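The values are calculated or read from the model by the stated rules, or taken from the named source; none is laboratory data. Note that the structure is a prediction, hence the values are computed from the model and not measured. Here the Cβ is made from the backbone with ideal geometry for all residues, glycine too, and neighbour counts use every protein chain on show.
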Amino acid sequence: MGTILVSKVSADTASEFGELAADPVTNELLHYTEKAENFVSDRINYGVYVFTPDIFNAIQGVPTQRKDRANLRRVSSFEALQPANSSTWYLGS
C-alpha cells in the first residue's frame, strides 16, 4: 500500500522527529511514534510517502468535515498502522 522514506540519525536527535521501528529482515513497519519522549529508534520519518492506488480504498469513508470528528475512534499506534487489507507498509532507507 505504501512506502515511507526513512533516514538514520543520531540517538540524540531522533526524538525531534517521528521514529520508526521496522522488521530487520523485511523492512515491514512495526511501530511509529511521533516525537517520542523516550528513544525508540535511530530511523526517522523523512516525510516522503509513495502510495499504491490501494490507498484510496483504505481512506474511503474517513470523515472530512469538522463536525464528523466527534465520531472518530481513538486507536493505538499499532492498530492504526495495520493495513486495511493484506497489503503492508515498507520502509525505504
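Residues to consider are Ala58, Ala84, Ala70; find the one that is exposed (fewer than 10 other Cβ atoms within 10 Å of the Cβ) and modelled with pLDDT under 85.
Details: Ala58 fails: exposed (fewer than 10 other Cβ atoms within 10 Å of the Cβ); Ala84 fails: exposed (fewer than 10 other Cβ atoms within 10 Å of the Cβ).
Step by step, each of Ala58, Ala84, Ala70 is checked, and only Ala70 is exposed (fewer than 10 other Cβ atoms within 10 Å of the Cβ) and modelled with pLDDT under 85.
Identify the residue in the stretch 10-28 that is farther than 11 Å from Ser41 by Cα and among the polar types (S, T, N, Q) and, among all such residues, is surrounded by the most Cβ atoms within 10 Å (Cβ to Cβ).
Among those residues, the one meeting the criterion is Asn27.
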